[in-house]
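Below: one structure, written as structure tokens.
The values are calculated or read from the model by the stated rules, or taken from the named source; none is laboratory data. These figures come from a predicted structure and were not determined experimentally. Positions of Cβ are backbone-derived with ideal geometry, glycine not excepted, and every protein chain shown enters the neighbour counts.
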Amino acid sequence: MTNGLLQGRFGFIFGVAHKSSLASAIARSLDQAGMRIALAYQSDRQLRNVEQLVGTLSQDDVPLVQCDVSDDAQIEKAFAVVGEAFGGRLDALVHSIAFANREDLSGGFWETSRQGYLLSQDISAYSLTALTREALPLFDESGGGSVMTLTYLGGERVIRNYNLMGVSKAALEMSVRYLAADLGSRNVRVNAISAGPVKTLSARGVAGFTGILDTMREQAPLRRNIEPSEVGSTAVFLASDLSSGITGEVIHVDAGYHILGN
Ligand code: 1JT
């Protein structure tokens with residue numbers, strides 16, 4: 001499956017927490033397409049999982065950077081490290097990060113606390129803008145860049161239990177559009193991949209998640225769930241010049257589920 005579509009390009013991926021993370025599938029696909037990648041991880045608790053992923057990649061010398069995206073100083077430092085490793089340039093930024101307290105992903109949205117709301121917005125939505133801003137000087141050295149983030153249908157429509165994350169994803173998707181409008185003149189494209197449900201570490205333990213997977217398999221036009229690798233191949237497309245005319249877009253990788261009205 002190796003191809004040279006992204007040979008000579010550099011990418012920085014945020015959000016590998018576990019081998020099941022969509023960010024891991026994206027890392028594997030970008031690696032297979034020949035991109036040099038760096039990985040940011042949240043805390044030392046994730047480091048062993050990140051190293052496990054790196055062991056499966058075709059490249060060695062993958063810069064690993066600890067970065068809590070709620071801390072501007074850590075973001076600045078992470079991009080300094082990656083800029084140093086990649087000769088001052090960057091071509092792609094992958095944002096695959098979200099957070100909500102478990103109690104905010106069931107019951108009534110109306111019960112959401114101020115603190116839970118602000119934390120989810122900070123980690124899930126604001127961080128895209130913060131990371132993109134730090135990536136800009138490196139993109140400029142490359143003559144442009146491709147930013148991508150991960151979202152879910154619950155950010156466009158009311159989906160039971162998605163609750164606070166839906167509100168955070170709505171802010172994230174609108175951030176994609178405002179960033180795309182601002183940064184197009186610098187040849188920086190900003191897009192989102194709206195993935196169908198996948199049994200990742202984050203999704204495990206979410207109330208009724210198995211039912212969501214079942215509904216998808218029964219009702220989606222393709223009558224199946226999506227594979228993480230299908231998110232990965234879409235990321236390769238968005239990082240490549242094949243998508244040079246696409247910005248501010250939300251691409252649904254969901255077996256067609258979002259077109260349904262019932
Ligand atoms: C987070 C979690 C963000 C789970 C997520 C997520 N985006 C999608 N999922 C899976 C999911 C979750 C629910 C759902 C459908 C899909 C876990 C905590 C961190 C942020 O309900 C319809 C609740």
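A few comments on the model shown:
- Any hit, the range 77-98, residues being acidic (Asp, Glu), surrounded by 16 or more Cβ atoms within 10 Å (Cβ to Cβ) and closer than 25 Å to residue 182 by Cα: yes
- Scanning the range 99-120 for residues that are within 12 Å of the ligand (Cβ to nearest atom) and either touching a helix residue (DSSP H, G or I) at 6+ places or on another chain (Cβ under 7 Å) or in a helix (DSSP H, G or I) (or both) turns up 99, 100, 101, 102, 103, 104, 105, 109, 116, 119, 120.
- Helices (runs of 4 or more DSSP H) fully within the range 157-262 counting 1 or more residues that are more than 16 Å from residue 94 (Cα to Cα) and in contact (Cβ under 8 Å) with a residue 24 or more places away in the chain: 163-183, 209-219
- Residues (crowded, with 17+ Cβ neighbours inside 10 Å and more than 16 Å from the ligand (Cβ to nearest atom)) located in the range 65-76: 65, 67, 75
- Considering the range 134-153, and only residues there that are within 16 Å of the ligand (Cβ to nearest atom) and of a type in the set (Ser, Thr, Tyr), the residue that is farthest from the chain's Cα centre (by Cα) turns out to be 152.
- Residues in the range 176-201 that are more than 19 Å from residue 243 (Cβ to Cβ) and within 16 Å of the ligand (Cβ to nearest atom): 6 in all.
- Restricting the range 202-243 to residues that are small (Gly, Ala, Ser) and within 13 Å of the ligand (Cβ to nearest atom), the residue that is modelled with the lowest pLDDT: 205
- Scan of the range 161-175 for residues that are within 10 Å of the ligand (Cβ to nearest atom), of a type in the set (Gly, Ala, Ser) and under 21 Å from residue 132 (Cβ atoms), ordered by number: 168
- Count - residues of the range 57-84 that are over 20 Å from the mean Cα position of the chain (by Cα) and outside any helix (DSSP H, G or I): 4
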